[in-house]
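Inspection log for the structure reproduced underneath, given as structure tokens.
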Amino acid sequence: MDKSDLNKRDYSLSIRCSPDGFSLFILEQGNVFFEQKIHAPVFHVSSEEIKQLLSGTSEINLYDYNEMQVHVESDKYVFLPESTFKPRYIDDYYYFQYDRNKEDIVLFNRTAGWDMVNVFSIPFALHQALNELFPETIIRHHLSYFLSEKIKSGEDGVYVWVRAKMLDVVVVRNSSVVLINSFSYRTPEDFTYYILSVFEQLRLDVENTKVKLYQRNNTTEFQSLISDYVRNCKVILQ
């Protein structure tokens, strides 16, 4: 099958950037048929090195894509109400909370359905490389993607994005986001402790509040521990 035949199909490309590398996903009509992990310290290398890593993946060059998504993990972010947000002040919003770093660039995403704006930073070299390779693609923070694509507006609950040694918690109550926070964990017991702390601090009902764990795999270790304390906990694949 030549490339002209391949390009007649409905392909999309999703790239997830994390401190330890890239996760690449090629989808046909929404179903993943190719997945690759590229291990590299992408937050600490040059833009040229990043471009070489991505352009060296021959599989992603086989197709023309109807949609491309780039999501970047970052633990530094600030959510603001859409009503008060002004793009010209993004550096002020961000550096009010975090130390200034000349190696980073500050970006923002609007979160569909939630009337919020996520202001975040990524390494300038990573931003430069992604812009040159995928100039028409919006770079989204992973929590912008999580809120916009995975959490239904108006559906209350505790939503958890599970990462390697990090968990991101979004709490929706009375159809409004009341908490967005990230925690570092080492063990499943640490993970469970942070979830229960959120329940305690916000006085959430363990009998009726739903917990949804968005994971890269189907393992149930976290779910089993949390279910000892919270009645309704389920795993959803990212």
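Some points to look at:
- For segment 102-117, taking the residues that are among the acidic types (D, E) and either touching a residue at least 24 places away in the same chain (Cβ under 8 Å) or more than 21 Å from T137 (Cβ to Cβ) (or both), the one that is surrounded by the most Cβ atoms within 10 Å (Cβ to Cβ) is identified as D115.
- All of (1) open to solvent by 20 Å² or more (accessible area, probe 1.4 Å); (2) part of a strand (DSSP E or B); (3) under 22 Å from V177 (Cα atoms) hold for S153 with one exception: (2).
- Flag: S46 matches the condition of being over 18 Å from the mean Cα position of the chain (by Cα), closer than 23 Å to D20 by Cβ, of a type outside the set (D, E) and open to solvent by 30 Å² or more (accessible area, probe 1.4 Å).
- Looking only at residues of segment 56-72 that are at pLDDT below 85 and farther than 14 Å from L27 by Cα, we find that the one that is nearest to the chain's Cα centre (by Cα) is T57.
- Identity of the residue in segment 163-192, free of Cβ contacts under 8 Å to residues at least 24 places away in the same chain and aliphatic (A, V, I, L, M), that ends up nearest to C17 (Cα to Cα): L179
- The criterion of being of a type in the set (F, W, Y) and touching a residue at least 24 places away in the same chain (Cβ under 8 Å) holds for F134.
- Candidates D92, D99, filtered to the one that is of a type outside the set (S, T, N, Q), in a helix (DSSP H, G or I), open to solvent by 60 Å² or more (accessible area, probe 1.4 Å) and free of Cβ contacts under 8 Å to residues at least 40 places away in the same chain: D92
- For segment 54-89, taking the residues that are without any contact (Cβ under 8 Å) to a residue 12 or more places away in the chain, under 26 Å from V177 (Cβ atoms) and part of a helix (DSSP H, G or I), the one that is most open to solvent (accessible area, probe 1.4 Å) is identified as R88.
- Any hit, segment 141-150, residues being crowded, with 21+ Cβ neighbours inside 10 Å and assigned to a strand (DSSP E or B): yes
The values are calculated or read from the model by the stated rules, or taken from the named source; none is laboratory data. Since the model is a prediction, treat every value here as computed from it, not as a measurement. Quick reminder, even Gly has a Cβ in these numbers, built from the backbone with ideal geometry, and neighbours come from all protein chains shown. What goes into the accessible areas is simple: the full protein's heavy atoms, side chains included, and nothing from ligands, DNA or RNA. Shrake-Rupley method; radii C 1.70, N 1.55, O 1.52, S 1.80 Å.
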